[in-house]
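Single-structure report; data block below.
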Amino acid sequence: MLIHVLSDAKCRKVMSYPFKYHDYFDLDDTLPEEVQMARDAVRSWVDSVVSPVIETHAMEATFDPTWFSELGALGCFGPALPAEDGGQGLSETAYGVLMRELERGDTAIRSMASVQGSLVMYPIASFGSTEQKEKYLPRLGRGDWIGCFGLTEPGHGSDPGSMETRLQKVAGGYKLSGSKMWITNAPVADVAVIWAKKEDGKVQGVLLDLKKEGVKVETISGKWSLRASVTGTIYMDEVLISVDDLLPKATGLGYAFKCLNKARYGIAWGAIGAAMDCYHTALSYAIERHQFNKPIASFQLTQKKLAEMITTISQAQLMAFRLGKLADQGAVTSAQISMAKRAHVEMALKVAREARQILGAMGITNDYPVMRHMVNLETVITYEGTHDIHLLITGHDVTGLPAY
Ligand code: TGC
Ligand code: FAD
């Protein structure tokens, strides 16, 4: 049943619809009880802790650092990793559902979890030594330490294989030199997973303590998007690296891409959360807002927008649940993940733009979450592989011919 308690068009906090209205095919009912409980805990945290303050944080380009430990306590960092690796031992589907819930709040929150869990904990758990796992994973899982992932460079984004960051062999280890740009959380991180080329031309994953001599981190300012997330540039000037800091099983660019598969999978689910929040807001507003003495929801053109929004959201939800099933069976391909990441981010952006129109002038304000989601999604359509790169990955997969 819809709940209509909205007295002031500017007050979104009182708008409340049962979740069923965003889950048209009752897909969440198919989740095991433990996953529904984890989802409810994260949803409740987002609604009570994030949503009341996120507009202010986004306007001021800040975030609450206590969110890291709270996300850790909620099990949002690597939920599908085994408990001994700092995770929760949940399914890949559960991981996706939690990312969807976080991104209902804000992309920045989901990004915190994506980077920590999929881009830092996952490579340590999968390619790290026993000592590295023991040192980092419990702390990262709890959110006591913050990690970041450095693949992109100022001159090399879509083409990380041309990276210039170098690992040079010296007595007692290696010297690491180069720079990594657009690195989520770098300014607040303790450790970075850095991808660098060795003298033999092979790409190597390295664990870099960001307090080491020779490391400098600068915050990137002036972002119109992902404003509640901090992004930085990491400069490395002949930083001494011990052999023990190399991820022993991460030699080859493909290992960096394996991490991206995990994070892109989370984005494929997360973008749906942003779309659901925009749809929810637009539906509530359209029913309450009157023009020509009628709710604007009674006009066919508004209904077309709303009906198409929930149709495309439902299509994405169905694809995400199938993707989750394949991931749980260990059968998902990186090309399937690319297709879902691309399609769902595009869907979410379209939903956000339509929702913004339904809200009229109010749609451009921070009284509603729509414009914030919309500008966040402009980052999501670019990071973790741009919209066009994912199209080319699908093209490569179906033709066997790379067009990069
Ligand atoms: P290519 O020659 O095709 O491949 C090199 C090696 O990697 C293997 N490989 C993969 N392995 C696993 N999963 C994948 N998705 C893989 N893609 C490729 C490949 O088999 C090969 O292995 P081997 O053993 O034969 O050497 O590589 P390429 O250099 O031609 O590049 C292809 C392309 C364009 C698809 C790739 O470079 C790409 O995906 N570019 C996009 C870069 C990107 O996504 N960067 C993301 C940076 S991290 C980020 O944005 C974090 S945002 C964090 C947040 O949420 O806040
Ligand atoms: P470019 O590669 O320069 O691309 C520019 C345009 O050219 C795009 O439209 C692209 O699709 C197109 N293009 C490029 N090559 C081709 C081609 N072969 N065919 C057709 N078109 C092509 N990176 C990290 O390593 N770690 C992070 O934590 C991280 N966080 C980020 C956070 C934010 C807020 C942002 C905005 C980015 C982040 N990134 C991170 C970087 C992100 O992954 C890159 O921005 C992305 O991979 C694209 O690289 P680029 O920006 O250099 O664009």
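The values are calculated or read from the model by the stated rules, or taken from the named source; none is laboratory data. Keep in mind it's a predicted model, so treat the numbers as computed, not measured. Reconstructed Cβ throughout: ideal geometry from the backbone, glycine too, with neighbour counts over all protein chains shown. In case anyone asks, the SASA skips ligands and DNA or RNA and just uses the protein heavy atoms, side chains included. Shrake-Rupley method; radii C 1.70, N 1.55, O 1.52, S 1.80 Å.
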Within the bounds of the range 179-201, is there any residue that is among the hydroxyl-bearing types (Ser, Thr, Tyr) and touching a Cys at 6+ places or on another chain (Cβ under 8 Å)?
yes
Is one or more of the residues making up the range 219-233 surrounded by fewer than 23 Cβ atoms within 10 Å (Cβ to Cβ), closer than 20 Å to residue 139 by Cα and not acidic (Asp, Glu)?
no
Name every residue in the range 154-174 that is out of contact with any Gly (no Cβ under 7 Å at 6 or more places or on another chain) and either open to solvent by less than 50 Å² (accessible area, probe 1.4 Å) or farther than 18 Å from residue 237 by Cα (or both), in order of residue number.
156, 157, 158, 159, 160, 161, 162, 163, 167, 170, 173, 174
Looking at the range 340-353 only, could you name the residues that are out of contact with any Cys (no Cβ under 9 Å at 6 or more places or on another chain) and buried (at least 24 other Cβ atoms within 10 Å of the Cβ)?
340, 341, 342, 344, 345
The residue that is nearest to ligand 2 (Cβ to nearest atom), considering only those in the range 354-366 that are surrounded by fewer than 16 Cβ atoms within 10 Å (Cβ to Cβ) and not hydroxyl-bearing (Ser, Thr, Tyr), is 366
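Please find, among 178, 87, 173, 143, the residue that is more than 16 Å from ligand 2 (Cβ to nearest atom), of a type in the set (Gly, Ala, Ser) and over 20 Å from the mean Cα position of the chain (by Cα).
Result: 173 is the single residue among 178, 87, 173, 143 that is more than 16 Å from ligand 2 (Cβ to nearest atom), of a type in the set (Gly, Ala, Ser) and over 20 Å from the mean Cα position of the chain (by Cα).
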Taking the criterion of being charged (D, E, K, R), over 29 Å from residue 176 (Cβ atoms) and modelled with pLDDT of 95 or more, would at least one residue in the range 268-284 satisfy it?
yes
Residue that is within 13 Å of ligand 1 (Cβ to nearest atom) and either modelled with pLDDT of 95 or more or not hydrophobic (A, V, I, L, M, F, W, C) (or both), where the choices are 251, 219, 233:
251
Those residues of the range 371-399 which are open to solvent by 40 Å² or more (accessible area, probe 1.4 Å) and more than 12 Å from ligand 1 (Cβ to nearest atom) amount to 371, 375, 378, 398, 399
All but one of (1) over 21 Å from residue 119 (Cβ atoms); (2) in contact (Cβ under 8 Å) with a residue 40 or more places away in the chain; (3) open to solvent by 20 Å² or more (accessible area, probe 1.4 Å) hold for residue 248, so report the exception by its number.
(1)
What single numbered condition from (1) crowded, with 21+ Cβ neighbours inside 10 Å; (2) in contact with a helix residue (DSSP H, G or I) (Cβ under 7 Å, 6 or more places away or on another chain) fails to hold for residue 91?
(1)
Of the conditions (1) within 22 Å of residue 277 (Cα to Cα); (2) among the β-branched types (Val, Ile, Thr); (3) open to solvent by 10 Å² or more (accessible area, probe 1.4 Å), residue 109 fails just one. Which one is it?
(3)
Residue among 260, 226, 240, 253 that alone is under 22 Å from the mean Cα position of the chain (by Cα) and over 23 Å from residue 108 (Cα atoms):
253
Please list, ordered by first then second residue, the pairs with beta carbon atoms under 8 Å, 6 or more apart or interchain, first in the range 203-218 and open to solvent by less than 30 Å² (accessible area, probe 1.4 Å), second in a loop (DSSP other than H, G, I, E, B).
203/163; 203/252; 204/198; 207/128; 210/189; 210/190
Could you check, for the range 113-131, whether at least one of its residues is of a type outside the set (A, V, I, L, M, F, W, C), open to solvent by 10 Å² or more (accessible area, probe 1.4 Å), away from ligand 1 (no atom under 14 Å from the Cβ) and free of Cβ contacts under 8 Å to residues at least 40 places away in the same chain?
yes
The residue that is least open to solvent (accessible area, probe 1.4 Å), considering only those in the range 254-301 that are within 12 Å of ligand 1 (Cβ to nearest atom) and basic (Lys, Arg), is 264
